[in-house]
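Below is one structure; the comments refer to it alone.
Derivation of every value follows stated rules applied to the coordinates shown; laboratory data play no part. Nothing here was measured: the structure is a model prediction, and the numbers come from that model. Positions of Cβ are backbone-derived with ideal geometry, glycine not excepted, and every protein chain shown enters the neighbour counts.
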Amino acid sequence: MMLCVIVPLWALLSITQQAPSQDTCVCEFENSETIFPHDKLSTAEDDASTCNSDVTPQQTLELEILLLGLKRRLPQLEADVSILEKEDDGDLYGVLSLRVAENELLEITQLFNRLNSTSLRYQRLTEGTTKQLEDLRAEMEEMAMFDTLQVVKRQQDNQRLRRDLDQCEHGLQPSIHPTRPPVRADCPHGHFMNVSGPRVYTAGEYPGSYMYGAWGRDPKPEVGKENWHWVVMLTSGNKFSNFVRRYTSLSSLIIGKSVPGNVQIHAANPTTNTIQGPNAVLYGEALYYNCYNQDAVCRFNLTAKTVTNLKLPKGTRYNSKSNFCHIDECYHFTDLDLLTDESGVWVVYTTPQNFGNLVLSKIEDGKALELGRTWRTSVYKQGVTNTFMVCGVLYATRYVDKTTEEIFYSFDTMTGVERFDIGVFINKMAPNIYSLNYSPADQMLHAYANANMVSYKVLFS
Ligand SMILES: *[C@@H]1O[C@H](CO)[C@@H](O)[C@H](O)[C@H]1NC(C)=O
Ligand SMILES: *[C@@H]1O[C@H](CO)[C@@H](O)[C@H](O)[C@H]1NC(C)=O
Ligand SMILES: *[C@@H]1O[C@H](CO)[C@@H](O)[C@H](O)[C@H]1NC(C)=O
């Protein structure tokens, strides 16, 4: 042991003994090694952390979203221009179509300018960062020479070995092929399999202003409103709202240009039959939501501007008594969750009779509003953060951590089969998804998370 310590010391130091002058004895230590550059290391550390904060995944997403906006916008312009060409008889219709095309062009120009400035910014950032990384690398290589005891190198070797071992273990796992029921006629896309990464990520028109809300695309739009998107923002104390805001396309939602503007339910907020909680959906030009201060679903007809009421079974929990939750937080006023799928509108709620587990009912949407078939599930509401419905199958999510949400549960209304092993992960852009809904119009999951709107493509097999 002693030897180990002494030998490197001897290697480091050469001691020269000076001739004694009278009665004093002087020893001179001469370090044959260069001194470790602590200041250089700390500069490198600073540089690395600046680099980390400069480059974030959100930034690359921004570019992707702008491109997506442009991609969706251009065919629309093309369509509008061809309408214009057909109608160009010099009359009123031609003039109107010209205005539409002009607006389209204006929005595209805005998008394009944003894209231009964003890509210029990234170009500069990329150039700067590449140079920084090269410098850092050179400095670190230089510093590795000071690792005379090879500590870092051994650590790296160990990490590599551990990784190889992990891969080896995983490679040996047997793969499971569950048997699947046949594809249904009403589910043209096949079976729900997975979700993509975020496809749209935007702060919308009022960045950061409204924490709670919902957004999406009408699965059964009116003719001419096929591309329209809607947003409900909880404006009063993050609990209530009295309007739905509409956008003629996804890109106008992203750039924050609402041409039709708001459709108001009532001038007061909150009041009888206005919106309570974030879990609203738009279906067939009508907004479905939890009515303010009632155990009931409201249907607001956007055309007639009338509200129809559907009382839920006696004992249904409301007024923030039975919310979606995760370990750190419950999402207030989420007693009722409205959902859309290929077949229409559904509502998820809880009753004491079902011990606080989720209850699912179909909403029958004739002239009157009626509660259709009802299913009781065995999943406890407070262990769930959100639900959505695809092709008659209910899915539930739970919070994993700030960046990940898991779709863990499903209930098939055709077979009554419940599963707790779905294991599909959602890559979050903000910690709390306050509302989540599926639109069969574009097979997208629309999430409203901490004032941001995010969407994910549902992948079928
Ligand atoms: C992009 O922006 C730069 C700087 O603002 C400008 O000089 C350039 O003309 C723009 N390019 C296009 C194609 O608009
Ligand atoms: C689901 O999609 C994610 C992201 O695209 C991917 O990483 C993951 O491996 C997929 N999972 C399955 C089970 O296919
Ligand atoms: C909304 O009102 C309009 C006009 O009264 C009517 O034609 C339409 O069917 C209603 N929509 C729903 C979903 O009830």
Study note, to complete from the structure: Residue by residue through the range 339-346, the couplings from Karplus 6.51 cos²θ - 1.76 cosθ + 1.60 with θ = phi - 60°, in Hz, x for Gly and Pro, are 9, 10, 8, 4, 9, x, 10, 10
Check your understanding: Relative contact order for the range 367-412 using alpha-carbon pairs under 8 Å, separation at least 6, rounded to a whole percent?
Key -> 26
Exercise for review: Would you list which lysines come within 20 Å of residue 131, measuring only between C-alpha atoms, while excluding same-chain residues fewer than 8 positions from it?
Suggested key: 40
Exercise for review: Give the calculated FRET efficiency between residue 78 and residue 404 to the nearest 0.05, with a Förster radius of 45 Å applied to their Cβ-Cβ distance.
Suggested key: 0.70
**Study point:** Per residue Cα convex hull volume in Å³ - calculated over the range 324-451
**Key:** 120
Review point. What nm value, rounded to one decimal, do you get for the distance between residue 355 and residue 150 when each label is placed 7 Å out toward the C-beta?
Key: 6.1
Check your understanding: What per residue convex hull volume, in Å³, comes out for the range 318-365 when only alpha-carbon positions are used?
Key -> 92
Check your understanding: Mean Kyte-Doolittle of at least -1.0 and a Cα length of 18 Å or more along the axis: which whole DSSP H helices of the chain meet both?
Key -> 57-87, 92-144
Point to revise | Spherically averaged projected area of the chain from its Cα convex hull (nm²) | key: 35.3
Point to revise | Value of relative contact order over the range 248-388, rounded to a whole percent, pairs C-alpha under 8 Å and six or more apart | key: 17
Exercise for review: Grab the other residues whose beta carbon is less than 14 angstrom from that of residue 353, score K and R as +1, D and E as -1, and report the net.
Suggested key: +3
Check your understanding: Long-range amide H contacts for residue 428: which residues qualify at under 5 Å (H placed 1.01 Å from N, peptide plane, sequence gap of 5 or more or a different chain)?
Key -> 404, 405
**Study point:** Karplus 3J(HN,Hα) series, Hz, for the range 380-386 with 6.51 cos²θ - 1.76 cosθ + 1.60 (x for Gly, Pro)
**Key:** 7, 4, 6, x, 10, 9, 6
Review point. Where in the chain lies the longest segment free of GluC sites (Glu not before Pro) that are both loop residues by DSSP (not H, G, I, E, B) and have at most 13 other Cβ atoms within 10 Å?
Key: 227-461
Exercise for review: Report the calculated FRET efficiency for residue 28 and residue 140 (r = Cβ-Cβ distance, R0 = 35 Å), to the nearest 0.05.
Suggested key: 0.55
Study note, to complete from the structure: For the range 246-378, Rg(Cα) over 2.2 N^0.38 Å is 1.10
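What relative contact order, as a whole-number percentage, does the chain give when Cα pairs under 8 Å and 6 or more residues apart are counted?
Working: 844 pairs, mean separation 58.8, N = 461.
Normalised by residue count, the contact order of the chain is 13 percent.
Between the DSSP loop rule and a limit of at most 12 other Cβ atoms within 10 Å, which chymotrypsin sites (Phe, Trp or Tyr not before Pro) in the range 265-356 are left? Can you show the working numbers first?
Details: sites: 283, 288, 289, 292, 300, 318, 324, 331, 333, 346, 349, 355; in loops: 292, 318, 333, 355.
Answer in residue order: 355.
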**Study point:** Nonlocal amide H pairs with residue 239, under 5 Å, H built at 1.01 Å
**Key:** none
Practice item. May I ask you to evaluate 6.51 cos²θ - 1.76 cosθ + 1.60, the Karplus curve with θ = phi - 60°, for each residue of the range 290-303 and list the ³J(HN,Hα) values in order in whole Hz, giving x for glycine and proline? Key: 6, 5, 3, 6, 9, 8, 8, 9, 9, 10, 9, 7, 5, 7
Revision key, fill the gap. If the chain between residue 163 and residue 364 were fully extended at 0.36 nm per residue, the gain over the current Cα-Cα distance would be 66.9 nm
Practice item. Name the residues whose placed amide hydrogens come within less than 5 Å of the amide hydrogen of residue 390, ignoring near sequence neighbours (fewer than 5 apart) on the same chain. Key: 395
Review point. So which lysines can residue 257 reach, going by Cα to Cα under 21 Å and dropping same-chain residues fewer than 8 places off?
Key: 71, 225
Point to revise | Leading residue at positive end of dipole, the chain (Cβ point charges), from 443, 408, 359 | key: 359
Revision key, fill the gap. Dividing the helical contributions, -39500 (n - 2.57) per DSSP H run of n ≥ 4, by the residues of the chain yields a 222 nm value, nearest 500 deg cm²/dmol, of -10500 deg cm²/dmol
